[in-house]
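See structure below.
The values are calculated or read from the model by the stated rules, or taken from the named source; none is laboratory data. Worth saying up front: this structure is predicted, and the values here are computed from it rather than measured. Ideal geometry is used to build each Cβ from the backbone, glycine not excepted, and the neighbour counts take in all protein chains shown.
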């Protein structure tokens with residue numbers, strides 16, 4: 001999850017990973033040479049840890065003007081002049097080293113750059129970005145900067161736990177894949193500066209489109225020896241394009257499952273308390289900054305539900321039909337079986353429920369439990385059909401009457 005503001009209440013649902021982009025950046029931590037302001041970053045990590053967050057991702061970008069090779073360069077990312085230009089590498093190395101050493105054992109994931117396929121975040125060459133990647137990888141992976149042994153982490157403390165992510169393109173499409181192919185090729189036959197392949201998954205009007213997009217991304221990665229890396233979507237949502245309410249809830253639930261189908265192993269939502277992009281919690285300060293209270297949106301409610309449906313389950317298969325129907329099988333211990341079904345089109349589809357299926361109850365997108373009839377109508381809102389109540393993990397299955 002991305003959570004922008006320290007005044008935002010911690011989500012009621014568990015969050016395992018927090019990404020710092022648009023929360024804390026190089027430019028805000030080091031406003032001038034030799035000056036480091038870690039207060040906000042320290043506070044965010046402490047609060048997050050207290051509420052169950054175990055993993056943090058720091059994304060490079062947002063170059064301070066004093067560290068920029070072109071401090072007057074106009075950038076459209078909102079981070080100020082020079083922030084999209086290549087950094088002075090002496091300044092970069094100094095900041096990265098301080099960062100890795102200070103948060104050794106807390107931050108284990110470092111994203112090389114944010115959306116460098118666009119001029120708003122990067123106006124350097126591929127060769128210059130490759131130099132950044134080389135330095136970042138060396139600094140993050142150096143045991144002299146961070147090592148862990150027997151649960152204690154410190155510089156020179158043991159085995160290095162850190163992993164580095166590839167630079168993330170803003171969305172998967174032919175122009176961006178062409179840029180990524182060119183960048184990765186600059187390193188030679190195999191790109192050597194990443195442990196995890198990362199991307200941003202914006203641009204899907206229908207959430208199921210991410211499946212085909214990820215397959216195209218995998219083909220590009222395979223050309224450069226990266227086909228075996230874990231694949232993370234470090235930033236995405238519907239953006240600002242989907243109508244509010246239940247339609248967003250439907251999009252969110254379907255997008256999570258579609259990514260699991262595609263082989264994406266971690267996904268960072270953007271953003272919990274954003275005023276316009278992927279909003280899961282409405283912050284009244286978006287309209288009135290004097291009132292820092294709010295409420296969970298429909299998709300925020302759906303996030304907790306899809307997390308409950310998927311966490312601890314094995315997604316064994318997904319069947320996709322020509323009429324738009326999706327049916328994904330979930331299995332758990334003690335013989336639990338569930339089928340998550342929805343229609344990716346705007347039409348309704350009737351599905352007969354056979355007695356021999358063993359399915360007895362259903363849950364709607366608000367997690368309301370209902371007895372399962374002999375036939376159900378499926379639309380774009382996902383429904384979970386279960387062999388038994390998900391809330392009763394050890395109860396034996398009860399035949400449907």
Name every residue in the range 148-203 that is under 22 Å from the mean Cα position of the chain (by Cα) and part of a strand (DSSP E or B), in order of residue number. 163, 164, 165, 168, 196, 197, 198, 199, 200
Out of (1) assigned to a loop (DSSP other than H, G, I, E, B); (2) modelled with pLDDT of 95 or more, what's the single condition that is false for residue 291? (2)
Name every residue in the range 23-57 that is in a strand (DSSP E or B) and closer than 14 Å to residue 103 by Cβ, in order of residue number. 55, 56, 57
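Residue by residue, here is whether (1) in contact with a strand residue (DSSP E or B) (Cβ under 6 Å, 6 or more places away or on another chain); (2) under 23 Å from residue 206 (Cα atoms); (3) in the same structural domain as residue 344 (by TED's automatic domain parsing) holds:
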site	(1), (2), (3)
294	yes, no, no
299	no, yes, no
302	no, yes, no
321	no, yes, yes
325	yes, yes, yes
328	yes, yes, yes
Tally time: how many residues in the range 180-219 are more than 29 Å from residue 381 (Cα to Cα) and buried (at least 19 other Cβ atoms within 10 Å of the Cβ)? 8
Would you pick out the residues in the range 330-342 that are surrounded by fewer than 16 Cβ atoms within 10 Å (Cβ to Cβ) and modelled with pLDDT of 95 or more? 331
Is at least one residue of the range 106-119 over 30 Å from residue 213 (Cβ atoms) and either under 21 Å from the mean Cα position of the chain (by Cα) or in a loop (DSSP other than H, G, I, E, B) (or both)? yes
Within the range 254-272, does at least one residue satisfy the condition of being out of contact with any strand residue (DSSP E or B) (no Cβ under 6 Å at 6 or more places or on another chain), part of a loop (DSSP other than H, G, I, E, B) and either assigned by TED's automatic domain parsing to the domain that holds residue 366 or surrounded by 15 or more Cβ atoms within 10 Å (Cβ to Cβ) (or both)? yes
Which of the residues spanning the range 216-231 are within 11 Å of residue 177 (Cβ to Cβ) and either assigned to a helix (DSSP H, G or I) or touching a helix residue (DSSP H, G or I) at 6+ places or on another chain (Cβ under 6 Å) (or both)? 216, 217, 218, 219, 220, 221
Would you mind telling me which numbered condition in (1) on the phi < 0 side of the Ramachandran plot; (2) in contact with a strand residue (DSSP E or B) (Cβ under 8 Å, 6 or more places away or on another chain) residue 347 fails? (2)
Condition broken by residue 120, with the remaining ones in (1) in contact (Cβ under 8 Å) with a residue 24 or more places away in the chain; (2) under 21 Å from residue 160 (Cβ atoms) satisfied: (2)
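Conditions tested, residue by residue: (1) out of contact with any helix residue (DSSP H, G or I) (no Cβ under 6 Å at 6 or more places or on another chain); (2) outside the structural domain of residue 252 (by TED's automatic domain parsing); (3) more than 17 Å from residue 255 (Cα to Cα).
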{"position": "131", "(1), (2), (3)": "yes, no, yes"}
{"position": "140", "(1), (2), (3)": "no, no, yes"}
{"position": "191", "(1), (2), (3)": "no, no, yes"}
{"position": "211", "(1), (2), (3)": "no, no, no"}
{"position": "214", "(1), (2), (3)": "no, no, no"}
Meets criteria (in the same structural domain as residue 26 (by TED's automatic domain parsing), exposed (fewer than 15 other Cβ atoms within 10 Å of the Cβ) and closer than 30 Å to residue 323 by Cα) for residue 174: yes
For the range 77-93, give me each residue that is part of a loop (DSSP other than H, G, I, E, B) and crowded, with 20+ Cβ neighbours inside 10 Å. 79, 82, 83, 84, 85, 86
For residues that are surrounded by 15 or more Cβ atoms within 10 Å (Cβ to Cβ) and under 18 Å from the mean Cα position of the chain (by Cα), tally how many sit in the range 220-230. 1
